[in-house]
Amino acid sequence: QVCRGLRTPRVPVWLCSLCGRHSVLFGTNSLLLSDWRAETLFHLYFYAGQREQTRTAHLTIDTHSHHWEGDPGSPGKRHPALEMAIRSKWAGATISWNGTDPFF
């Protein structure tokens, strides 16, 4: 029997398959599950289990960035697969890796 916490998580969790590798993307703010207003500026954490990843990547997602800050989905620029996966939920979001080099 599956416990209730696994059927209905208290925080947002996404299992990802990026470039043929499995990883997890999660947040610690439970309001992301129930309040769309929490989706303006928030933090997500990414763990891929790769040998070269020594700690969980801390990402800041801004879904209301201004158009003059640049188009995050511009066709001529290549973006990491993780950023494109995040933008499949939050189109046009600006993603900051907070000092970590994008590795995925």
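Relative to the compact-globule scaling 2.2 N^0.38 Å, provide the ratio for the alpha-carbon radius of gyration of segment 13-96. Write out the running numbers ahead of the final one.
On the way: Rg = 13.3 Å, N = 84, 2.2 N^0.38 = 11.8 Å.
Segment 13-96 yields a ratio of 1.12.
Full extension of the chain between Ala38 and Thr56 yields a length gain of 4.3 nm, computed as 0.36 nm times the residue separation minus the alpha carbon distance. Mean separation of Cα pairs under 8 Å and 6 or more residues apart, divided by the residue count, gives segment 13-96 a relative contact order of 24 percent. Per-residue accessible area (protein heavy atoms, 1.4 Å probe) orders Leu25, Leu41 as Leu41, Leu25, starting from the largest. Taking 7 Å steps out from each Cα toward its Cβ at Ser30 and Phe103 produces label points 3.1 nm apart.
The values are calculated or read from the model by the stated rules, or taken from the named source; none is laboratory data. Only a predicted model underlies this, so the values are computations on that prediction, with no experimental measurement involved. Glycine also receives a Cβ, built like all others from the backbone with ideal geometry; neighbour counts cover every protein chain displayed. Heavy atoms of the whole protein, side chains included, go into the accessibility calculation; ligands, DNA and RNA do not. Shrake-Rupley method; radii C 1.70, N 1.55, O 1.52, S 1.80 Å.
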